Amino acid sequence: MNISWGKFYGVGVGPGDPQLLTLQAVDVLRSVDLVAIPKSKMDRESVAWDIAKIHCPADVRLVELEMPMTSDQEVLAKAWQDGAQTILAELKEGKSVAFITLGDPSLYSTYSYLLNILQDELPQEQITTVPGIMAMAAAAARINLPLATGDEPLLVLPSTEDVGEFLDFPNLVLMKVSRRLPEILTLLEEREKKAVLLTRLGQEEEKIRWEPQAEDFKTEKIDYLSLMLVKKDLLGRGKNEPE
């Protein structure tokens, strides 16, 4: 049986500010039949949807997909498979679907796992990945600091790994820092490295901390949507920045 497949889009909605969506992303969100929203728990609000919704028609159909935050690979694999099957059912009906994701779909995104499954079922021409502004680019812009210049290397590292051996890089982006923040800050202090911590970029809860200290986070739980820039030229910057 021939299937008239609908179009599938993976849409990066940027780090938090609805104005940072690309024109292509806005065009897609305004035209699709269905927006698929990943949620870590079904009873939680979706940050990606909060960003994207002002660009969507008021009557757009929504489907929520539970994508739990866990290291259990069996649980994750089932969630990815269930989400992909939900999307495939709509695509088989000829519906166009946009799966929205924070930042860029190609960097640490659930979209990548769904895409692997969908590519086994869908013709390649029915899939479009729409890039989004990455949090690290928004962070650098927010504090008027380049990520890298000239021939300098730039390293992007998830903080689930041992970061100590990489601290001599002139430009380092640490993602997912909420998991190990006090430990990372202690290490930075020991190595006399300077950093800036940015949380909830572009959102009402945005917070920027220059040269954060480990002792500041003994009781405070840092938001998951946080990253850190570690740079050789941070010294003296940010002293007059409001928190």
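The values are calculated or read from the model by the stated rules, or taken from the named source; none is laboratory data. Quick caveat: nothing in here was measured; it's all calculated off a predicted structure. Methodologically, a virtual Cβ is constructed for each residue, glycine included, from the backbone with ideal geometry; neighbour enumeration extends over all protein chains shown. The accessibility values were calculated without ligands, DNA or RNA, using every heavy atom of the protein model including side chains. Shrake-Rupley method; radii C 1.70, N 1.55, O 1.52, S 1.80 Å.
Below are the figures for this structure:
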quantity: Residue list for region 184-210, filter: open to solvent by 30 Å² or more (accessible area, probe 1.4 Å) and either more than 28 Å from Gly14 (Cα to Cα) or over 23 Å from the mean Cα position of the chain (by Cα) (or both); calculated: Thr186, Leu187, Glu189, Glu190, Arg191, Glu192, Lys193, Lys194
quantity: All positions within region 163-181 that are in contact with a Lys or Arg (Cβ under 7 Å, 6 or more places away or on another chain) and over 24 Å from Ile133 (Cβ atoms); calculated: Leu167
quantity: Cross-chain or 6+ apart pairs with Cβ under 6 Å, region 214-233 first and among the small types (Gly, Ala, Ser), then modelled with pLDDT of 85 or more and open to solvent by less than 80 Å² (accessible area, probe 1.4 Å); calculated: Ala214/Pro182; Ala214/Leu185; Ala214/Thr186; Ser226/Val177; Ser226/Ser178; Ser226/Thr199
quantity: Residues (of a type in the set (A, V, I, L, M), over 16 Å from the mean Cα position of the chain (by Cα) and within 14 Å of Ala98 (Cβ to Cβ)) located in region 37-74; calculated: Val60, Leu62, Val63, Leu65
quantity: Within region 100-115, tally of residues that are closer than 10 Å to Thr129 by Cβ and not polar (S, T, N, Q); calculated: 4
quantity: Number of the condition not met by Asp233 [criteria: (1) more than 25 Å from Gly16 (Cα to Cα); (2) of a type in the set (Asp, Glu); (3) at pLDDT below 85; (4) under 25 Å from the mean Cα position of the chain (by Cα)]; calculated: (4)
quantity: Those residues of region 121-154 which are more than 17 Å from the chain's Cα centre (by Cα) and more than 18 Å from Tyr9 (Cβ to Cβ), in sequence order; calculated: Ile143, Asn144, Leu145, Pro146, Leu147, Ala148, Thr149, Gly150, Asp151, Glu152, Pro153, Leu154
quantity: For Ala137: the one exception among (1) hydrophobic (A, V, I, L, M, F, W, C); (2) farther than 27 Å from Val28 by Cβ; (3) outside any strand (DSSP E or B); calculated: (2)
quantity: Residues within region 149-171 that are more than 20 Å from Asp223 (Cα to Cα), open to solvent by less than 40 Å² (accessible area, probe 1.4 Å) and aliphatic (A, V, I, L, M), tallied; calculated: 2
quantity: Flag for Asn171 being more than 21 Å from Asp17 (Cα to Cα) and at pLDDT below 90; calculated: no
